[in-house]
Amino acid sequence: MKHTKPSTPSYTLSEAIEQFLYAKRVRRLSPNTLKDYERTLRRLSHFLSGDIPVNEITPAHIRRFMASIKLSNKSLLNIYVGLSSFWSWMVREEICDQNLMRKVERPRPEIRAISPFTRAEIDQLFQSIEKSAVYSRPGKKPCAHRLKDYYRSKAILLILLDTGMRASELCGIRFLDFLSRTQVRVFGKGNKERILPLSEVTVRAIEEYVEKERPPVSSQHEYVFVIRSGKRLFAHDLYHRILRIGQRAGIHANPHRFRHTFAINFLRNGGDIYALQAILGHTSLEMVKRYLAIARADVETAHKKASPVICWNLG
């Protein structure tokens, strides 16, 4: 008697999306990762305008979808990776017979320039968080006042500069994540855990913020960095906060520039590339090697300026 292979169950796109997102939630992925998956798949569903069976979706559909997206190459690559994960999961679950993403060309992200802060710019940023610009009032001498959230801003700038952590990682720190006075646990991309060292200066700044500005702490599960109402500080809040600090200092500033600054100076000061990879949470050395190339170029430039052979015109 001839046996036939049972046919693959027919899932609509919406059904497959719901099952996929449920599977990812079970894995306890970070909220940001889950949001990225959901945003990508809802966007695809809207583009296809109809709840069609997933086995009827073709590489041509995906190519047209990708071509319709007006985002940076890096964002487009993130969407491609999300779709690849979705189709890989469907193949494993026997919802689809093949991973059609293998027939769609992977986008190439643009290589963005790395622009760390200079020491002078860092000094300007710290000066800009302490006092307002000088202003005048009728009949009184020009003056400036201490800015609100000074201690929080100081602690945030120091922890970003001291560790190179991502904005979302900083915002996700709870009091229970301090494993010792100078060690903090963060959860990065893919909810991967890292233990990062903190300098004494940074620790004292965090303690000052908690003692002098932060609402009282009632649980070790609370987030360390909060807004004035006591609610959690999110990555977009942090981004805009640092943008405003930079505007006051006359400097283009965002959290990622602190990450670049930490990495470059870690290598300039003799840090190991493998230690840097572990601290930053990179899965490969590709980005770390870019930092290393910049650090080496700095050394060569400094040598050209300072070598006695060159400066004394020997030979």
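The values are calculated or read from the model by the stated rules, or taken from the named source; none is laboratory data. Values in this document were obtained by computation on a predicted structure and should not be read as measured data. Note that we place each Cβ from the backbone using ideal geometry, even for glycine, and neighbour counts take in every protein chain shown.
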Residue identified as touching a Pro at 6+ places or on another chain (Cβ under 7 Å) and either of a type in the set (Gly, Ala, Ser) or not in a loop (DSSP other than H, G, I, E, B) (or both) among Lys24, Lys35, Lys74: Lys74
Test: residue in segment 276-292 that is of a type in the set (Val, Ile, Thr) and at pLDDT below 85: yes
Which numbered condition Glu200 misses (of (1) crowded, with 19+ Cβ neighbours inside 10 Å; (2) within 28 Å of Ser180 (Cα to Cα)): (1)
Among residues of segment 49-60, those that are surrounded by fewer than 16 Cβ atoms within 10 Å (Cβ to Cβ), in contact (Cβ under 8 Å) with a residue 12 or more places away in the chain and assigned to a helix (DSSP H, G or I), counted: 1
Test result for Leu29, at pLDDT 90 or above and surrounded by 17 or more Cβ atoms within 10 Å (Cβ to Cβ): no
Set Ser153, Ser128, Ser85: member being small (Gly, Ala, Ser), at pLDDT 90 or above and closer than 30 Å to Ile57 by Cβ: Ser85
Residue within segment 162-178 that is over 30 Å from Lys24 (Cα atoms) and either at pLDDT 95 or above or not hydroxyl-bearing (Ser, Thr, Tyr) (or both) present: yes
Segment 137-150, residues that are modelled with pLDDT of 65 or more and touching a strand residue (DSSP E or B) at 6+ places or on another chain (Cβ under 8 Å): Arg137, Pro142, Arg146, Leu147
Total residues in segment 88-103, condition within 15 Å of Ile57 (Cα to Cα), touching a residue at least 60 places away in the same chain (Cβ under 8 Å) and either part of a helix (DSSP H, G or I) or of a type in the set (Ser, Thr, Tyr) (or both): 1
Residue in segment 144-166 that is basic (Lys, Arg) and closer than 22 Å to Lys35 by Cα present: yes
